1. Taking every DSSP beta bridge with both residues inside the chain, roughly what % is antiparallel (nearest 5)?
2. Between the range 83-137 and the range 169-237, what is the separation of their alpha carbon centroids in Å?
3. Report the relative contact order of the chain, percent, no decimals, based on alpha-carbon pairs under 8 angstrom and at least 6 residues apart.
4. By a straight-distance test (C-alpha under 25 Å), which lysines pair with LYS56 as possible cross-link partners, with residues fewer than eight away in the same chain excluded?
5. Which is the longest run of the chain containing none of the GluC sites (Glu not before Pro) found in DSSP loop states (not H, G, I, E, B) with at most 13 other C-beta atoms within 10 Å?
6. What Kirkwood hydrodynamic radius, in Å, does the range 87-176 give when the mean of 1/r is taken over all pairs of distinct Cα atoms and then inverted?
7. Could you do me a favour and compute the accessible area per residue for the range 106-183, 1.4 Å probe, result in Å²?
8. Helix-derived [θ] at 222 nm for the chain: sum -39500 (n - 2.57) over DSSP H runs of at least 4, divide by residue count, nearest 500?
Amino acid sequence: MDGHKEAAMAEALIELRHIEKIYQMGDEEVRANDDINLTINSGEFVAIVGKSGSGKSTLMNIIGALDVPTSGEYLLGSQDVSEMADDQLARIRNKMIGFIFQQYNLLPKLNLLENVELPLLYAGVPPAERKERAMKSLERVGLAQKWKNMPNQLSGGQQQRVSIARALAGEPALILADEPTGALDSKTSREVLDFLKQLNQEGNTIVMITHDSSIALEAKRVVRIHDGRINFDGDVKEYAAIL
């Protein structure tokens, strides 16, 4: 099947239509996101790239159901997220999105297994199933044998792998990675990026937020944000050609 037919048959997971996010800073109106239109299909690996202050973090918060737009429509898996109340947003986040953060966000007083179990606990998964799914998730990142360890007993790269396991445990529709290599050295960054690529090959949808164009080149598609607007959206090869 050729790529165009495949793309036509692909299912839109994320649809952003005329998204605006406006902040009032004293007398001034700041348009952090200004008429953003973006569709991301299931199974894609997309990097959203932009400098500090470009609006990419605001866009990540909207995609991650951490915030709602001032105006416009956001459909996640065909559900309209743009006007949801906080409790509905929390349910959507827990059910549909796996987060990977720059600082790992592991709880220091819980062991690795308990950290990975957390989203399943919030989702009301029974204890035995919770433990089984969390162990499988740790196996996928090669850390099952360390399940009793505390986060401070691991290297930065291992901690990031635990946070990836936690993101995977809930079997989310979307993995949202915010500067996932920002706190890592180059060798460990390479391992984490290779792992994200592998997850994408297994069918996971990944949206990665980064300020670094060299990191963005690891994705298959790049969306660049500048002054709150998309000024590039295309194949990674096209993006590499304009750098």
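The values are calculated or read from the model by the stated rules, or taken from the named source; none is laboratory data. Not measured: the values here are computed from a predicted model. Quick reminder, even Gly has a Cβ in these numbers, built from the backbone with ideal geometry, and neighbours come from all protein chains shown. SASA here: full protein model, heavy atoms, side chains in, ligands and nucleic acids out. Shrake-Rupley method; radii C 1.70, N 1.55, O 1.52, S 1.80 Å.
1. Around 55 percent antiparallel, to the nearest 5.
2. 21
3. Working: 456 pairs, mean separation 64.9, N = 243.
In percent, rounded to a whole number, it is 27.
4. Within the straight-line limit of under 25 Å, LYS56 reaches these lysines: LYS21, LYS95, LYS197, LYS220, LYS237.
5. On the way: sites that count: GLU11, GLU83, GLU202.
Formally, the longest exposed-site-free interval is 84-201.
6. So the Kirkwood estimate lands at 12.8 Å.
7. On the way: 3560 Å² over 78 residues.
Accessible area per residue: 46 Å².
8. Details: 9 runs with 92 residues, N = 243.
That comes out to -11000 deg cm²/dmol.
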